[in-house]
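Below is one structure, written out as structure tokens; comments come after it.
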Amino acid sequence: MRVLRGAVAFLLSLTIITASMSFWVEATSQTVPSEEEAEVILQRHGFPAIVEKMDVRQKIDLARMILKNPDAVHVSGGISHFDELAEVEAFTNLSDQELRNKGISQKEIETNRKNVEAVLSATDEELMREYGRSQEEIKLIRMAMTPSEEYYNKELDGNIVTSSGYIADSSLGFYLIDASDLTVNHPCTHLAVVFEWLKEPVLALEDEMVVAWGGGLHSQNISLNCYIAPNFLKERNLPLDSDYPTTVPYNIEKTPDCGLKYVIDIQYGNRFICGIGNLTIYKNTPRIKDDTEVIAQYAHETISLNGGITISATPSITIGWNGLGFSYSPQRHVNIPI
């Protein structure tokens with residue numbers, strides 16, 4: 001069943017991904033496959049699961065690019081899970097001052113105190129509907145929100161999310177897609193980093209989506225679109241233009257010529273939130289017939305001393321102090337020509 005859920009989530013996420021990919025395809029392409037031909041091309045390229053979920057234009061656009069060069073398009077990613085009960089327990093039992101000492105802002109504290117109150121006052125049915133959790137998961141979350149005299153202020157270890165899943169977990173889909181433009185004589189690759197909270201966290205803190213690359217490449221055309229997943233609205237019979245927020249505040253922090261971070265304020269409407277970050281990395285010098293690595297990682301802030309995230313041109317991504325400060329996805333890797 002977990003495999004099936006993961007497959008369905010993968011399909012949904014890649015449907016979101018392909019909606020932003022049409023600009024990668026040149027309208028001057030001489031080869032325009034039919035829908036049936038496009039499906040075969042995608043299957044041969046390793047994407048059989050997404051074929052039925054893509055509309056005709058999306059299938060044809062991606063297939064045309066693959067026809068130009070089968071090695072030009074890659075996807076790295078999957079579904080991950082992490083157990084958040086320790087985080088909820090820590091937030092419940094620590095004072096505001098203790099939380100501030102760990103780097104949690106007063107705004108985050110106030111927002112999440114309200115979240116905890118809302119969870120404790122809601123019915124099981126409401127929570128199952130709003131958070132997509134089972135009755136057993138809701139019971140465990142409520143227990144973690146109950147203050148305990150036996151709780152002691154311990155430092156939470158950095159938590160790498162896993163693919164195995166936990167009871168009362170949060171589920172995150174995270175993907176890195178690259179499409180290299182080989183029609184130009186200088187390195188130029190379009191990247192998309194995509195996240196989707198399939199079961200969003202109960203605590204809403206600040207998240208960072210990080211991309212790092214080698215080769216001294218520059219970046220441009222940087223954007224991030226975040227929104228509430230349409231399925232969340234449809235399942236609740238809400239119009240797609242309802243009052244649920246369709247964008248979230250974010251900042252972009254660059255490390256020149258080797259990476260950037262999308263810093264996302266997940267406090268703002270964090271119900272099954274999704275996002276697509278797009279960027280182009282390039283160099284104005286001729287190709288050297290070599291390649292370099294691109295890596296991406298999603299980091300969800302935790303109640304722990306936050307050492308921040310740093311990027312180097314190796315390329316590498318360093319999370320906090322020995323991983324403290326965040327729960328984070330496995331790294332996604334692709335190689336691109338330079």
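The values are calculated or read from the model by the stated rules, or taken from the named source; none is laboratory data. Only a predicted model underlies this, so the values are computations on that prediction, with no experimental measurement involved. Because the Cβ atoms are built from the backbone with ideal geometry, glycine has one as well, and the counts that use them run over all protein chains shown.
Within segment 325-333, is there a residue that is in contact with a Lys or Arg (Cβ under 9 Å, 6 or more places away or on another chain), at pLDDT 90 or above and either surrounded by 14 or more Cβ atoms within 10 Å (Cβ to Cβ) or not basic (K, R) (or both)? Scanning segment 325-333 turns up no residue that is in contact with a Lys or Arg (Cβ under 9 Å, 6 or more places away or on another chain), at pLDDT 90 or above and either surrounded by 14 or more Cβ atoms within 10 Å (Cβ to Cβ) or not basic (K, R) (or both). I'd like to check something: does segment 142-150 contain any residue that is at pLDDT 55 or above, surrounded by 15 or more Cβ atoms within 10 Å (Cβ to Cβ) and charged (D, E, K, R)? Looking for residues that are at pLDDT 55 or above, surrounded by 15 or more Cβ atoms within 10 Å (Cβ to Cβ) and charged (D, E, K, R), one finds at least one in segment 142-150, hence yes.
The rows are residues; the columns are (1) within 17 Å of the chain's Cα centre (by Cα); (2) modelled with pLDDT of 80 or more; (3) surrounded by fewer than 21 Cβ atoms within 10 Å (Cβ to Cβ).
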{"residue": "I167", "(1), (2), (3)": "no, no, yes"}
{"residue": "S180", "(1), (2), (3)": "no, yes, no"}
{"residue": "V193", "(1), (2), (3)": "yes, yes, no"}
{"residue": "D207", "(1), (2), (3)": "yes, yes, no"}
{"residue": "V211", "(1), (2), (3)": "yes, yes, no"}
{"residue": "Y227", "(1), (2), (3)": "yes, no, yes"}
{"residue": "P230", "(1), (2), (3)": "yes, no, yes"}
{"residue": "R236", "(1), (2), (3)": "no, no, yes"}
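Based on what the data block shows, is I104 of a type outside the set (F, W, Y) and modelled with pLDDT of 80 or more? Here the answer is yes, as I104 does meet what is asked.
The condition of being of a type outside the set (S, T, Y), surrounded by 18 or more Cβ atoms within 10 Å (Cβ to Cβ) and assigned to a helix (DSSP H, G or I) does not hold for L120. Applying the criterion of at least 1 residues that are among the acidic types (D, E), over 26 Å from P330 (Cα atoms) and free of Cβ contacts under 8 Å to residues at least 24 places away in the same chain to the helices (runs of 4 or more DSSP H) found wholly in segment 56-114 leaves 96-101. Before we move on, is I276 more than 19 Å from E84 (Cβ to Cβ), in contact with a helix residue (DSSP H, G or I) (Cβ under 7 Å, 6 or more places away or on another chain) and at pLDDT below 90? So I276 passes the test.
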